[in-house]
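Data block below; observations after.
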Amino acid sequence: MPRPSSRISGIVPSGKDGWEVHFAAWTRKEAGEDIIMLSVGDHDFDTPLQTIEACVTAVRGSNHHYTPLPGLPRLRTAMAAASSACTGVETSPDQVIATPGGQAALYAAVQGVLDQGDHAIVVAPYYATYPNTFSAAGADFTVVETPAEDGFQPRADMIRAAIRPNTRAILINTPNNPTGAVYSRERLEQLAEVCREHDLWLLSDEVYWTLGGGEHVSPRSLPGMAERTLVINSMSKSHGMTGWRMGWLTGPEKMITLMINLNLVTTYGLPAFISIACSEALENRYGVSEIAERYAARRTVLLDAMRGMNDVTVRGSEGGMYVMLDISAVEPDDEKFAWALLDNEKVGVMPGSSFGEAAAGHIRISLCQPEPVLREAALRLRRFASSYGREAA
Ligand SMILES: Cc1ncc(COP(=O)(O)O)c(C=O)c1O
């Protein structure tokens, strides 16, 4: 075979490979063991019935043809309304572009603001695809951690210190995967100041915005930020539609118009019947409050069951689909902890260090299981942590 491009060869998984714990747990569960999987980030329930019915009607209704590159007008209108609600900034359909999932919106955003050799700042802990999305654009990046003891909130002074002459963008995610931290207005205001000062783009991944605890603040709503913020959004989490692949990007109209040309050479538009079903789901908020309530209740159940546990501290964990536990007082090596938890109590979690240095000494617990399962998992975790190391002593 002739040589593949270095661009494609450069897309390789990065960081410590915590996925090994996940795959081992998965394999053992498939083999019939009573494993509780708390490592996956996908809903344990189906898409709301109304959305499914809307899709069936649309596919039967002869919607089988090409769609406009930025999305069906009805879809863009519905997305613009959702962006107005998410970001607190009145948004027109010309300021949004539909993409196949939030990941494609993120890819488009990175392609749209960074040239080969440009530099970006990625605020960590971060979603696993971030580094490679920059590598795929030939861009360089610096990871700036958010300290665990600060609840994984971003620190403007640390971000400012990482800026170089060729820095063009900062990428943040709130509510955050993996930490569940919901960035505060104050910290976002400080971050916005850095962006304005250095004329930077802010790429804001807000795919968990409906699953927040407390106020969701979009940096797009802060003074002078609408012109320099690109918001990544998705129906995967909010509407229970991970497998449908529908997301969108919101930003200044001029930038969105340029993005349409990217769709010309990539997706060439989205499936018509899915676009219609998604329009209806967005217009009617199908499942949104039920899904948000379900995750809020699960978070409460898990955190209540963990309360008073010796040597285990909850960090972040205010929103999103995950809870982050500091287990360093029990075992400083989070990977070792995760493997031992799997072996001794049959609970699969993600070691925090797979998400960067700030999350080392932590484990990430997914809330994608029903409440009784989460209660049982908490019981096993409590038993495990309280007896850990005793046998060896
Ligand atoms: C923070 C974050 N951003 C983006 C995505 C991508 O989601 P999707 O492509 O399904 O919309 C995910 C998925 O887990 C995520 O956790």
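Data table
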item: Charge dipole (debye, nearest 20) of the chain; +1 at Cβ of Lys and Arg, -1 at Cβ of Asp and Glu; result: 580
item: GluC sites (Glu not before Pro) lying in DSSP loop within the range 316-393, provided at most 15 other Cβ fall within 10 Å; result: GLU391
item: Coil-residue trypsin sites (Lys or Arg not before Pro) of the range 335-393, DSSP, other Cβ within 10 Å capped at 13; result: ARG390
item: Share antiparallel - DSSP beta bridges, the range 65-284, percent rounded to 5; result: 30
item: Positive-end extreme of charge dipole, the range 65-284 - chosen from LEU191, ALA162, TYR107 (charges on Cβ); result: TYR107
item: Sites matching GluC sites (Glu not before Pro) across the range 89-189 that sit in DSSP coil, with at most 14 neighbouring C-beta atoms within 10 Å; result: GLU90
item: Beta bridges per DSSP with both ends in the chain, % antiparallel, nearest 5; result: 45
item: Estimated 222 nm signal from helices in the chain, with DSSP H stretches of n ≥ 4 weighted -39500 (n - 2.57), rounded to 500; result: -12000 deg cm²/dmol
item: Cβ charges +1 (Lys, Arg) and -1 (Asp, Glu), total dipole of the range 65-284, debye; result: 420
item: For the range 213-218, 3J(HN,Hα) per residue [Karplus equation, 6.51 cos²θ - 1.76 cosθ + 1.60, θ = phi - 60°, Hz, x = Gly/Pro]; result: x, x, 7, 8, 10, 8
item: Reachable aspartates and glutamates, given that their alpha-carbon falls under 18 Å from the alpha-carbon of LYS29 and they are not under 8 places away in the same chain; result: GLU20, ASP42, ASP44, ASP343, GLU345, GLU376
item: Relative contact order of the chain, pairs being alpha-carbon contacts under 8 Å that are 6 or more residues apart, as %; result: 25
item: Net dipole in debye of the range 117-230 [+1 Lys, Arg Cβ; -1 Asp, Glu Cβ; about Cα centre; nearest 20]; result: 160
item: Rounded Å value of the spacing that divides the Cα centres of the range 161-233 and the range 101-140; result: 14
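Coordinate-derived values only; no laboratory data. Note that this is a predicted model, so its numbers are computed, not measured. Note: ideal-geometry Cβ built from the backbone for every residue, glycine included; neighbour counts use all protein chains shown.
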